[in-house]
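The structure under discussion appears below in the form of structure tokens.
The values are calculated or read from the model by the stated rules, or taken from the named source; none is laboratory data. All values derive from a computational prediction rather than experimental measurement. We place every Cβ from the backbone using ideal geometry, glycine too, and count neighbours over all the protein chains shown. Areas reflect the complete protein model, heavy atoms only, side chains present, ligands, DNA and RNA absent. Shrake-Rupley method; radii C 1.70, N 1.55, O 1.52, S 1.80 Å.
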Amino acid sequence: MGDYSYLPQQSEEHFKAHNKNDLDFIELNLLLSCLICFPIEEQSSKQFQDFWNWFLNEHSAETYTAYTIYYFDQAYFEDDFEGRNNSINQLLYSAIFEQQPPDFEYLNHQIHIWIAAHQSTETPLEAEEESYQTAPVFDFFSSESEHSTQTVTPEPMAQKSLQQNILIALQGIQTALEQRNNTPLPLFRGNAQDPIEWLDDFERAATANQYDDEYKFQIVGGYLQGSPATWFSQETDAGAYQKIIRWTPTNAGEENTSFTIWFETKFRTPILISKWCMELEKRTQGLGEVVTEYAKAIRKLIK
């Protein structure tokens, strides 16, 4: 079986490589739990939505990636026990947890039980429809890799389409890796951290790296930690009320589905507003402080 012992160090090194734009390191050390490398671009199956709601609530799971969805579908529709077991292991490596997760083998066993129980309540038609919709379309590990897993052999008619999907998926990762990351992007952990200042810093770094709004929305989940990461995962889930689907509104009526709007609404709390008001009332021009610097400090407190 596996364990999580190396994951914190691996994650730290991987994100440092993103900040340094070290593409060679990233390609040699792909991290399945990295939302920058594996952004969620397609709607997940109903089975996965049910699974993630259970996994999030019961086992302190925090965020998932496109690989989590992929390996869940592999496990769910795999009849061979060993094949399912391998897919569950990869699923666990692709998830991020809010706190130190339980024993690896225990979680693996719990997912086996959940899949069996969930499948027993499905009608054959439901299972057939979802299997068709969520059939695996990519596998970035070779068959000899330590993390490899069995894939469903496609029917001859679907072979060409499958190959095209694999090519598209690989090109998508290559495009993500080639994005400029000369200016490091900040992390947001919530609590007393200033959300407005973080959003300004994130926007400034993204602009310097020439990221468009679509790409900012794809990667922002990788820069949220703790409760903000959990919130983002829930609000971008397919079953979310007014699901967040874009970075910022560009047209009328898009406010309720935009990250920047909901982020400020969620984390610009009354406690922080009161704190800023108190700081603004007490802020006076310091001895030797030039007017431009004082004005800049005042503008920063008016949020």
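Leaving out ligands and nucleic acids, note down the accessible area per residue over the stretch 1-118 with a 1.4 angstrom probe, in whole Å².
46
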Counting only heavy atoms of the protein chains, get the accessible area per residue of the stretch 200-244 (1.4 Å probe) and round it to a whole Å² value.
43
Burial ranking of peptide ranges 217-224, 234-241 (average Cβ count within 10 Å, highest at the top)
217-224, 234-241
Give the shape of the stretch 190-274 as rounded, prolate or oblate, defined through the alpha-carbon gyration tensor: a ≥ b ≥ c are the square roots of its eigenvalues, a/c under 1.5 means rounded, and otherwise the shape is prolate if a/b is larger than b/c and oblate if not.
rounded
Less than 13 Å Cβ to Cβ from Phe25, Lys/Arg counted +1 and Asp/Glu -1: what total charge do the surrounding residues give?
-3
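Which pairs break 21 Å Cα to Cα here: Lys16/Lys243; Lys16/Lys216; Lys20/Lys243; Lys216/Lys243; Lys20/Lys216; Lys243/Lys266?
Lys16/Lys243; Lys20/Lys243
Thr250: net charge of surrounding residues, Cβ under 12 Å, Lys/Arg +1, Asp/Glu -1, itself excluded?
-4
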